[in-house]
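The values are calculated or read from the model by the stated rules, or taken from the named source; none is laboratory data. Keep in mind that this is a model prediction, so the values were computed, not measured. Note that we place each Cβ from the backbone using ideal geometry, even for glycine, and neighbour counts take in every protein chain shown.
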Amino acid sequence: MTRSASGLLPIAYSAEVAAAKERGAPLVALESTIITHGMPFPGNLEMARSVERIIREEGAVPATIAVIDGVLHVGLDDAELQALAQTSGAMKLSRADLAFAIAERRTGATTVAATMIAASLAGIRVFATGGIGGVHRKAEESFDISADLDELSRTGVIVVCAGAKAILDIPKTLEVLETRGVPVVTYDSPSFPAFWSRDSGLASPLMLNSPAAIANFQKVREQFGIDGGMLIANPVPQEHEIPRREMEIYIERALDNAERDEISGKAVTPYLLDTIFRLTDGRSLATNIALVENNARLAAEIAVALAD
Ligand code: PSU
Ligand code: MN
């Protein structure tokens, strides 16, 4: 538990994270919705463990974030990670309901938005995930725009992802990020990546080629008092990618099924992910794990560069 200016702020830090904070070591936050709602067991647990290992190998400390029985945890031990990976009743928490889960002593996984809030409270500046939420296709009818985008505009955490999934409307997602003043920086590639695929067919607004350059960009933003987050889009390694044209077939099918089953709200993204895993016979899962690992490595390098 830690103390805040407004009294006792009930955050439970793992021993490893508490020690890292004490000595000012670089930290990387990790979300938990990807574990509970983004991937099936046991691939989700395998992923959760391997990203933590990679972050440590790069000289940073991982902090997986979740609400367990009403307590906001920053850093989970292996038993907690295992329990979360096998639970079926966890809430999917965003800005709107993070505090609800704490108030009502519930267990919930944090999305990108809620993980950014928790990371910021914990003083963690870099966060690795797979894909962010965005503007859904046909959002002009459904109004389905992820709270992740607003969070990026207001909370000062660097989020490393593999772009946005083509289950979303990627051009509209990029438009909203631009409107909200969120820098979108692709790592070492001119085109914005589409999660399983290296290229979405859209040019990236900005590009940088090294963790040091990303850290420097962030430092200049801070010098000029430009707050809010930033999105780093890291293309999946070539040997693991599934080309865009191939993915488009599965995505169309998944979207048709979602419409047929009248899926809405929070259930949309998990439904589409699950359908695509099944349509690709698990191949999308292998790609998903590879890209999160790749993002964890880059996030750790950025955290180390920021600490220099
Ligand atoms: N995209 C993915 N995998 C995920 C998610 C998004 O490729 O697991 C999760 C993340 O936690 C993200 C959330 O923050 O879904 C977005 O949900 P929504 O679209 O309901 O805002
Ligand atoms: Mn939504």
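Miscellaneous remarks
- None of ALA113, ALA83, ALA79, ALA128 is of a type in the set (A, V, I, L, M), away from ligand 2 (no atom under 16 Å from the Cβ) and surrounded by 23 or more Cβ atoms within 10 Å (Cβ to Cβ) except ALA128.
- Any hit, the range 177-185, residues being within 16 Å of ligand 1 (Cβ to nearest atom) and among the acidic types (Asp, Glu): no
- Against the test of being over 26 Å from ALA286 (Cα atoms), out of contact with any strand residue (DSSP E or B) (no Cβ under 7 Å at 6 or more places or on another chain) and of a type in the set (Asp, Glu), the options GLU58, GLU16, GLU46, GLU104 yield a single qualifying residue, GLU104.
- Considering residues of the range 21-37 that are within 12 Å of GLY123 (Cα to Cα) and part of a loop (DSSP other than H, G, I, E, B) only, the residue farthest from ligand 1 (Cβ to nearest atom): GLY24
- Considering residues of the range 132-163 that are small (Gly, Ala, Ser) and in contact with a strand residue (DSSP E or B) (Cβ under 7 Å, 6 or more places away or on another chain) only, the residue nearest to SER191 (Cα to Cα): GLY163
- Of the residues examined, GLU104 is not one that is more than 25 Å from ILE54 (Cβ to Cβ) and assigned by TED's automatic domain parsing to the domain that holds LEU202.
- Matching option when the condition is at pLDDT 95 or above, of a type outside the set (Asp, Glu), touching an Asp or Glu at 6+ places or on another chain (Cβ under 9 Å) and at negative phi, among ARG105, ARG95, ARG137, ARG125: ARG95
- Residues in the range 269-293 that are surrounded by fewer than 19 Cβ atoms within 10 Å (Cβ to Cβ) and touching a strand residue (DSSP E or B) at 6+ places or on another chain (Cβ under 8 Å): PRO270 alone.
- Filter result for ALA215 (farther than 29 Å from LYS92 by Cβ and in contact with a Leu (Cβ under 9 Å, 6 or more places away or on another chain)): yes
- Residue identified as in contact (Cβ under 8 Å) with a residue 60 or more places away in the chain, away from ligand 2 (no atom under 16 Å from the Cβ) and out of contact with any helix residue (DSSP H, G or I) (no Cβ under 6 Å at 6 or more places or on another chain) among ASP227, ASP256: ASP227
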